[in-house]
Every structure is written in structure tokens, then in C-alpha cells.
Amino acid sequence: MRETQTNNFAKLDAEDFPTFHAGWVWLVGAGPGAPGLMSLLAYHALQHCDIVVYDALVNPDMLRWLPEGVETEYAGKRGGKPSPVQTDISLRLITLAKEGKRVLRLKGGDPFMFGRGGEESQTLAKAGIPFRIVPGISAGIGGLAYAGIPATHRDTNHAVIFLTGHDATGKMPANVNWQAIATAAPVIVMYMGVKNLGEIAEALIKAGRPADHPVTIVSNASLPSQTVASTFLSEAGAYVEAHKPPTPAIVVIGHASDWRPLLDWYSPKLMENKIG
Ligand code: SAH
């Protein structure tokens, strides 16, 4: 079995995968955590880059797939030190590309989903650096699947809202129309939502969202450390205070989580498969 897998991965060098040219930056989504959730194109990029600049949310296990000699550079918060500011990261990417390196910018989930991939590629475009985006499985979809929560289901919701619980300063986003958010879709999937959950829940209830709507908090989705907690909108703030759910976490507000008791396929298998 292992033999076959190795051979198939080797075939990724085949010519139908695009060439990673010198001086290019590829912004690549690594998926929510389980290494197996990285795309084949992302894996191909790992095999053909000169340097990987990666974020805190990237599972370092994936970096073991790098060929020998590839440099790695961490661009996240570590050991209490402040994270490098976004402009510094973007400028670093430009410098590396101008040195003629094949630069793999590896980001958690999908690079364009609350991941500042938009900002980074904008800076690259303005600087005339050629780039490619390799989409990834976003935590708010693929992460939920590992908790047995379908982001949409025709019996619960025909629409879903992806929301951030933070603005650039870490506060609850100010320029959000809570009235519209509360009523527009039956299910809200919130990224970076734990810290301000109490405040956001209050805003949603004030705007008409039922106080007894289920709230599910999926922490470390798709990883062996995954945990899932359930509460209600009116109690969500107090719940977070009391239980301090681990982060990163995705918060699901609405009845999408009603399917979880039946669809929770991952918990019983948690210890079985380290790749995915
Ligand atoms: N680009 C990423 C999101 C980056 S914002 C994506 O598409 O998934 C960071 C937020 O993503 C975290 O605060 C958390 O809400 C969510 N997140 C990322 N990985 C996660 C994981 N494994 N489990 C739960 N939430 C995760």
C-alpha cells in the first residue's frame, strides 16, 4: 500500500502540472490542518519550490514532504513575540522573488478566505511579481465536515454566511450590518469568532436571531486534537468565558449542527490516520 502511494506521488512531477518558474510566488492553501487535505497542486508546489514562507495555521507535518535543501521561513506569531506585520511579509515575498527564488507562500485553509491572500497578491501584482493562487480547503467548510456539520443542507439552509469575528484590531468588526447578517441566512459560519463571541451573539440576538439558536464551536478541526462544543446563542459568551475552547476554532450558528449526532464520522476515528 505504502509502495503504491509513493509511486503515485512521484507521478506529480509529470508535465501536466504547471512549472514553478524562478522569480514566481505561489500563494498556496494548505487546508485546515490534516496534511491529507492539501491539494495535489499544493503538493507539487512543495516539490518544486526553493523556499516556503508559512503561517502559524499551517501544520508543520506537511513540511516534512519538502525535498532536502528547501528553505523554510516562519511568518507567524511565536513564543509571545508579535507577528510580522502584513507589509513586512509581502515585502519579504517580493525580495525573495527578486532574488530569483521559487517562493511558496503557504497559508492555512484557503489563501483568499480571511487569509490576507488578497492583500499579499495585490502587493505582488503592484510590484510586478508574477504569482499563482492555489486554492485550499477552507476551515469553514472542510473543517466543519470533520465535525459532521454540512455547511449547507437543503433541509436546514439554502444559504450560508461566512463572517469574521475580528476586525484588523482584534475587535468585533464595526462595519457589519448585524441586522442583515442576523436575518439573511439560517447558518452563520464564523472565523476568528471565539474571542468576541459574547458580544457578537448579543448583537445577533438584538437584531432578531433566536436566543436558542444552536452554537457549535469546532476547535483544531481535522487534527487529532479536534474538539467540538455546543451551546446556545444566549449562552455562548458565558460558555466561552467558562470553558475557554481551544483555538483555532470555527463557530457555527444555526441548525446545520443538528446533523452532527448522525454524521459525526471523525471522532471515532481520531487516532487512526495521521494524514487525513
Ligand atoms: N484562510 C483560512 C482562515 C484564516 S483566518 C481558511 O480558509 O481556513 C483564521 C481562522 O480560521 C481561525 O481563527 C479559525 O476561525 C479558522 N481556522 C483555521 N484552521 C482551523 C482549524 N483547523 N480548526 C478550526 N478553525 C480553524
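Where does the Debye-calculated log10 I(q)/I(0) of region 140-263 sit at q = 0.10 Å⁻¹, using only Cα point scatterers of equal weight, no solvent? Reported log10 I(q)/I(0), two decimals: -0.26.
For residue 119 and residue 244, FRET efficiency with R0 = 22 Å and r from the beta-carbon atoms, rounded to 0.05? My answer for the efficiency is 0.15.
Looking at the chain, the DSSP beta bridges with both ends there are about 45 percent antiparallel.
Largest to smallest in accessible area, the residues 216, 123, 152 fall in the order 152, 123, 216 (1.4 Å probe, all protein chains included). Here the chain is scanned for GluC sites (Glu not before Pro) in DSSP loops (not H, G, I, E, B) that have at most 12 other Cβ atoms within 10 Å, and the longest stretch holding none of them is 100-271.
Sparse packing (at most 13 other Cβ atoms within 10 Å of the Cβ) combined with a DSSP loop state is found for the following trypsin sites (Lys or Arg not before Pro) in region 28-115: 77. Expressed per residue, the C-alpha convex hull volume of the chain stands at 152 Å³.
Restrict the search to region 174-275; then list the chymotrypsin sites (Phe, Trp or Tyr not before Pro) that DSSP places in a loop and that have at most 12 other Cβ atoms within 10 Å of their Cβ. Passing sites in region 174-275 are 265.
Gain on full extension, evaluated as 0.36 nm per residue between residue 156 and residue 235 minus their Cα-Cα distance, stands at 26.2 nm. With the charge dipole of the chain set up from +1 on Lys and Arg Cβ and -1 on Asp and Glu Cβ about the Cα centre, the Cα lying farthest toward the positive end among the listed residues 173, 267, 250 is that of 173.
Annotation for region 43-121 versus region 150-228: alpha-carbon center distance of 28 Å. For the chain, the dipole from Cβ point charges (+1 on Lys and Arg, -1 on Asp and Glu) about the Cα centre works out to 340 debye, to the nearest 20.
The values are calculated or read from the model by the stated rules, or taken from the named source; none is laboratory data. All figures in this text were calculated on a predicted structure; none of them were measured in a lab. Neighbour counts run over all protein chains shown; Cβ positions are idealised from the backbone, glycine included. Accessible surface areas use protein heavy atoms only, side chains included; no ligands, DNA or RNA. Shrake-Rupley method; radii C 1.70, N 1.55, O 1.52, S 1.80 Å.
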